[in-house]
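The structure under discussion appears below in the form of structure tokens.
The values are calculated or read from the model by the stated rules, or taken from the named source; none is laboratory data. The structure displayed is predicted, hence computed values, not measured ones. All Cβ positions, even for glycine, are placed from backbone atoms using ideal geometry, and neighbour counts span all protein chains on display.
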Amino acid sequence: MVQALKRRADWHARLHAEIEAHRREAFAWGRRDCALGLAAGAVEAITGADLRKGWRGTYRTAAGAMKALRKAGYASLGDAVAAVLPECHPCMAMDGDIALLDEGEIGALGIFNGGTLIVLGLDGIGPRERAAAMRAFEVGAR
């Protein structure tokens, strides 16, 4: 069910702190990956909503993540995000919105940040070109 979320007044500072936390912690499937770590962490920082419920500890590998997605009834990572956040065209995405990229074994989630995307991969956090976003999802009311 797509959730109607509202951005906190101090969401910029909270999002910055969340991103910085990912610079210090290692990537870990099912805990600190692009979905449960970076994207869900960004949503929680911006809105206070915890989208990780029911997903924590359900996988430990990329293959396990895809299996968990399929078990929950989703054909892809993007479809799972679209089930909880409203989708918009990537050119309309604002800072803090979630991006889906065609990276890795199952795709990757990132955060829109000005003219770039912030992503979390096996090698840590880093930038990607905004044009790499295949889909975009709104985080909080406009």
note = Here the qualifying pairs (Cβ atoms under 7 Å; residues six or more apart or on different chains; first in the stretch 122-137 and touching a residue at least 24 places away in the same chain (Cβ under 8 Å); second of a type in the set (Asp, Glu)) come out as MET134/ASP102; ARG135/GLU87; ALA136/GLU87; ALA136/ASP97; PHE137/GLU87; PHE137/ASP97
message = Which numbered condition in (1) touching a Phe, Trp or Tyr at 6+ places or on another chain (Cβ under 9 Å); (2) farther than 18 Å from MET94 by Cα is the only one that ASP50 fails?
response = (1)
ask   = Considering only strands (runs of 3 or more DSSP E) fully contained in the stretch 94-142, which possess at least 3 residues that are of a type in the set (Ser, Thr, Tyr) and modelled with pLDDT of 95 or more?
value = none
ask   = Hey, among LEU122, LEU85, LEU77, which residue is farther than 17 Å from VAL2 by Cα and either of a type in the set (A, V, I, L, M, F, W, C) or surrounded by fewer than 21 Cβ atoms within 10 Å (Cβ to Cβ) (or both)?
value = LEU122
Residue count, the stretch 83-128 (criterion: of a type in the set (A, V, I, L, M) and in contact with a Ser or Thr (Cβ under 9 Å, 6 or more places away or on another chain)) = 2
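Anything in the stretch 70-91 that is under 23 Å from GLU18 (Cβ atoms), not in a strand (DSSP E or B) and not β-branched (Val, Ile, Thr)? List them, or say none. Outline the logic, then answer.
First pass over the stretch 70-91, keeping only residues under 23 Å from GLU18 (Cβ atoms): 77-78, 80-88, 90.
Keeping just the survivors that are not in a strand (DSSP E or B) gives 77-78, 80-86, 90.
Within the stretch 70-91, LEU77, GLY78, ALA80, ALA82, ALA83, LEU85, PRO86, PRO90 qualify.
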ask   = Hey, any hits in the stretch 11-33 for a residue that's in a strand (DSSP E or B) and either in contact with a His (Cβ under 8 Å, 6 or more places away or on another chain) or not charged (D, E, K, R) (or both)?
value = yes
ask   = Which numbered condition trips up THR116, out of (1) within 15 Å of the chain's Cα centre (by Cα); (2) among the hydroxyl-bearing types (Ser, Thr, Tyr); (3) closer than 24 Å to VAL2 by Cβ?
value = (3)
task = Give the residues of the stretch 41-76 that are closer than 17 Å to VAL119 by Cα and without any contact (Cβ under 8 Å) to a residue 24 or more places away in the chain, sorted by residue number.
result = GLY41
key: Number of the condition not met by LEU38 [criteria: (1) under 26 Å from ALA141 (Cα atoms); (2) in contact (Cβ under 8 Å) with a residue 24 or more places away in the chain; (3) surrounded by fewer than 17 Cβ atoms within 10 Å (Cβ to Cβ)]   = (3)
